[in-house]
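Scroll down for the structure; my scribbles are underneath it.
The values are calculated or read from the model by the stated rules, or taken from the named source; none is laboratory data. Values in this document were obtained by computation on a predicted structure and should not be read as measured data. Cβ coordinates were reconstructed from backbone atoms using ideal geometry, including for glycine residues, and neighbour counts include every protein chain displayed. Side chains included, ligands, DNA and RNA excluded: accessible areas come from the protein's heavy atoms. Shrake-Rupley method; radii C 1.70, N 1.55, O 1.52, S 1.80 Å.
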Amino acid sequence: MDNPKARQVILGAAVGIIVETSLSGIMSAVVFQLQNYKQNKSGHHSKNSNEKQSYGHYRLPALMTLFNILCISFSLVSEFSGFSRGSQACRRAMLTTNILSHAFYAIFNAFLILKCFIISGNSKIVSGVIPALLLHRSVWSIMDIIYSQGFWDSEAQICGFIQHPITGLGCSLADIVCDLFCSVLLNSDITRIGEVILQENVFRSLVVTSVNAYALYIFYFADVTSPFIYYFVYLTQNFTYVKCVNLEYYWLRARRLNMVTKTSIPIASHVTDSNATETAGLAIRKSQLSS
């Protein structure tokens, strides 16, 4: 696309859609917390039940809200950083954008890991792998902030960004590893996590992995040199992440409906104590994500 104004309109519209999606997510979080507050106040949940469901009640919505706030900040700063003038202003704007970018992706990974940790029943194996995953991504983030930087083209009067090829690839692969770890762990526990959680996990994994793979192809293997295409692919990736996180409220309703359907079926009298214990454990983990 050769028309600079048309490119600017398209990118601006894409940023606007992402910001609108994040604002909707924040409003959904407020409504969700108000509903939980009314349920707790009316006595629908016991004190012990509330303590067990603290992850589902507070931590996931809080993390999702932080993610949406970071997304809005990252999108707006990224959009306006290109209007910076002068070498120092350009470098500062791009540095801020890069830091917000890594915070945005880090919170997304934390969201996946927290859900994985909850569904695994606070597994010691998962809790042992989590620090390694986060440390791995953090190291790549720090390296990318150091080696990738903005530049000012005085002749073209353009503020641009030079992405270090190694650190950019490392960050993308670290994100993919995190998503695949959660997907493999949950898909290996099909009999316990339930059909709704399985569908959600497979859907998210396919979408995120596909978008990340496409981004890697455009950035490192395709014969593409247009900054417009690079930025548009980044925005597509960000929109996908935001949608996947905020779809959690849809899956919450689906899990609640699934739990009501399952609990409405009478349990046969010949169910063993071990099966009853396993069923109870599944109910607790589902309720942590559904309440």
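So here's what we get for this one:
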{"item": "Residue satisfying all of: in segment 1-53; modelled with pLDDT under 70 and not in a helix (DSSP H, G or I); surrounded by the most Cβ atoms within 10 Å (Cβ to Cβ) among these", "result": "GLN53"}
{"item": "Long-range neighbours under 6 Å by Cβ, at least six apart or interchain, first residue without any contact (Cβ under 8 Å) to a residue 24 or more places away in the chain within segment 71-88, second open to solvent by 60 Å² or more (accessible area, probe 1.4 Å)", "result": "VAL77/THR96"}
{"item": "Candidate set: segment 54-76, residues that are modelled with pLDDT under 90 and of a type in the set (Gly, Ala, Ser); chosen: the one most open to solvent (accessible area, probe 1.4 Å)", "result": "ALA62"}
{"item": "Segment 135-162, subset surrounded by 18 or more Cβ atoms within 10 Å (Cβ to Cβ) and of a type outside the set (Gly, Ala, Ser), residue nearest to the chain's Cα centre (by Cα)", "result": "ARG137"}
{"item": "Identity of the residue in segment 163-185, of a type in the set (Gly, Ala, Ser) and under 12 Å from THR209 (Cβ atoms), that ends up least open to solvent (accessible area, probe 1.4 Å)", "result": "SER183"}
{"item": "Unique match (being more than 18 Å from the chain's Cα centre (by Cα) and at pLDDT 90 or above) among ALA106, ALA93", "result": "ALA93"}
{"item": "Residue pairs meeting the criteria (Cβ under 7 Å; at least 6 apart or on separate chains; first on the phi > 0 side of the Ramachandran plot and open to solvent by 20 Å² or more (accessible area, probe 1.4 Å), in segment 100-127; second charged (D, E, K, R) and part of a helix (DSSP H, G or I))", "result": "GLY121/ARG285"}
